[in-house]
Amino acid sequence: MVAFFASTILSVVILRWVPVWVTPLMFIRMAQRAGEGRELTLRHHWVSLDEMTPNMPTAVIASEDARFLQHHGFDYQAIEHAAMRNIKHPEKNKIGASTISQQTAKNVFLWPGRSWIRKGLEAYFTVLIELLWSKHRIMEVYLNSIEMGDGIYGTDAVAEWHFHTRASKLTRQQCALIAATLPNPRRFNSANPSPYILKRQKRILHEMRFVKKLP
């Protein structure tokens, strides 16, 4: 137990400053590609948050976590809303209430899944990064590590492969389009958006007007 806590805390402290070049999900996706006989493709470029357009964090806050700057890792209002909706409408697809902090913890330190063990570890790492990282750093890691397409991770990679530009040059509309695909970036393609994604983009563009800027 001592070794577990020491190693996990040390890793979180180190990654407060060191770029996250690879994540467990990247290895998992590569293994899946190998098992399917597909080309091993990994598109990922680390860039600092200051090298991204400020529209990108604004778009993901509007889309994924409106209270990102107010909560301390867990949005209890969103959790309550999701629980009540899932109870009232069990026939519909279940919705979650994961914050950007929780998604960052999962992406960087854990693996995909819905087991209680993984959820417990996700909560543990969420607490750690909220204690040891700034909101600026959490957003920076999130926007560099999150899956944004098939074999594509992070804002700069999706900017290059889907829009032929760089993270600093993405337009407000492109940022909203990328954010619109994040619930399932392997199904939804920001380079070739469906009517559903265009509808989400429109809503996100509206919500972006009310998002407080990241300090």
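Assorted remarks:
- The number of residues in segment 98-114 that are within 19 Å of TRP21 (Cα to Cα) and either among the small types (Gly, Ala, Ser) or not in a helix (DSSP H, G or I) (or both) comes to 5.
- Tabulated pairs, segment 124-140, first part of a helix (DSSP H, G or I), second among the charged types (D, E, K, R), C-beta under 7 angstrom, 6+ apart or interchain: LEU132/ARG16; ARG137/ARG16
- When residues of segment 127-180 are limited to those that are of a type in the set (S, T, N, Q) and closer than 13 Å to MET56 by Cα, the one surrounded by the most Cβ atoms within 10 Å (Cβ to Cβ): THR155
- Hits in segment 181-210 - residues which are closer than 18 Å to THR58 by Cα, of a type in the set (A, V, I, L, M, F, W, C) and part of a loop (DSSP other than H, G, I, E, B): LEU182, PHE210
- Tally, over segment 169-209, of residues that are aromatic (Phe, Trp, Tyr) and touching a helix residue (DSSP H, G or I) at 6+ places or on another chain (Cβ under 8 Å): 1
Every number in this text was worked out from the coordinates using simple rules, so none of it is lab data. All values reported here derive from a predicted model rather than from experimental measurement. FYI the Cβ positions are ideal-geometry reconstructions off the backbone, even for glycines, and counts take in every protein chain you see.
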